1. Confirm whether THR69 is under 18 Å from MET26 (Cβ atoms) and β-branched (Val, Ile, Thr).
2. Of everything in the stretch 15-55, what is surrounded by 14 or more Cβ atoms within 10 Å (Cβ to Cβ) and part of a helix (DSSP H, G or I)? Give them in sequence order.
3. Would you please name the residue that is farthest from VAL125 (Cα to Cα), looking only at residues in the stretch 1-14 that are free of Cβ contacts under 8 Å to residues at least 60 places away in the same chain and outside any loop (DSSP other than H, G, I, E, B)?
4. Within the stretch 96-142, track down each residue that is aliphatic (A, V, I, L, M), closer than 14 Å to LEU55 by Cα and crowded, with 19+ Cβ neighbours inside 10 Å.
5. Looking for whichever is in contact (Cβ under 8 Å) with a residue 40 or more places away in the chain, under 13 Å from the mean Cα position of the chain (by Cα) and under 19 Å from PHE28 (Cβ atoms) here; the options are SER89, SER124. Which one fits?
6. Please work out if ARG150 is modelled with pLDDT under 95, basic (Lys, Arg), farther than 18 Å from LEU44 by Cβ and not in a helix (DSSP H, G or I).
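The values are calculated or read from the model by the stated rules, or taken from the named source; none is laboratory data. Model, not experiment: these values are computed from the prediction. Using ideal geometry, Cβ is built from the backbone for each residue, glycine included, and neighbour counts are taken over all protein chains shown.
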Amino acid sequence: MSDSDDPALKAKLLDFAARFPFFRHMGFEVLEMEPGRAVVRVALRDELRNPNGHLHGGVISALIDMSITQAMLLTDTYREVRETRGIMSSVDLRVKYLRAVSEGAATVESTIVHPGRRIVHASSVVRDDQGRQVALGDSILMIVAGNPPRSA
């Protein structure tokens, strides 16, 4: 069974995301998650504002980075990482800020553009509550397989 067909794994990953301290601290909420795609939301709160009163750009960057990870978790590429105790790491994350978010929430949709075995390319679009694009993200991830588990 591939990870994309495993509802128990998906439920486990969504539960982990809901309890993960950094996600809770930031207020990140995973709305959708499937192989190669994720949608994540963060509501604007006072502690996430920059000195101008808008959603801080670092929050948007973190939102993009973590939603890309969520989009990877049910892919066959990431299954190899999980099974071999390998690593997946962002080696390049670019964010283009288009407009400020001064109220409501920001929602990002991330998709895996190229799910290579060693190099992954992902793309993200962040929108405000009115559906306007507020940022675009682009990332390259490096996949390093670990050692396969030993048979008994």
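1. Details: under 18 Å from MET26 (Cβ atoms): yes; β-branched (Val, Ile, Thr): yes.
The answer is yes for THR69.
2. Passing the criteria: ALA17, PHE23, MET26, LEU48.
3. Residue satisfying both the conditions and the ranking: ALA8.
4. Quick first cut of the stretch 96-142, residues aliphatic (A, V, I, L, M) only: 98, 100-101, 105-106, 108, 112-113, 119-120, 122, 125-126, 134-136, 140-142.
This time we only want the ones that are closer than 14 Å to LEU55 by Cα, so: 98, 100-101, 105-106, 108, 126, 134-135.
The answer is VAL101, ALA106, VAL108, VAL126, VAL134, ALA135.
5. On the way: SER89 fails: under 19 Å from PHE28 (Cβ atoms).
Matching residue, one of SER89, SER124: SER124.
6. Values: modelled with pLDDT under 95: yes; basic (Lys, Arg): yes; farther than 18 Å from LEU44 by Cβ: yes; not in a helix (DSSP H, G or I): yes.
Considered against the rule, which asks whether it is modelled with pLDDT under 95, basic (Lys, Arg), farther than 18 Å from LEU44 by Cβ and not in a helix (DSSP H, G or I), ARG150 comes out as yes.
Condition check ((1) of a type in the set (D, E, K, R); (2) in contact (Cβ under 8 Å) with a residue 40 or more places away in the chain; (3) in contact with a Ser or Thr (Cβ under 8 Å, 6 or more places away or on another chain)) across all residues:
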| residue | (1), (2), (3) |
| --- | --- |
| GLU29 | yes, no, no |
| VAL39 | no, yes, yes |
| ALA43 | no, yes, no |
| ASP46 | yes, no, no |
| HIS54 | no, yes, yes |
| ALA62 | no, no, no |
| MET66 | no, yes, no |
| MET72 | no, yes, no |
| GLU80 | yes, yes, no |
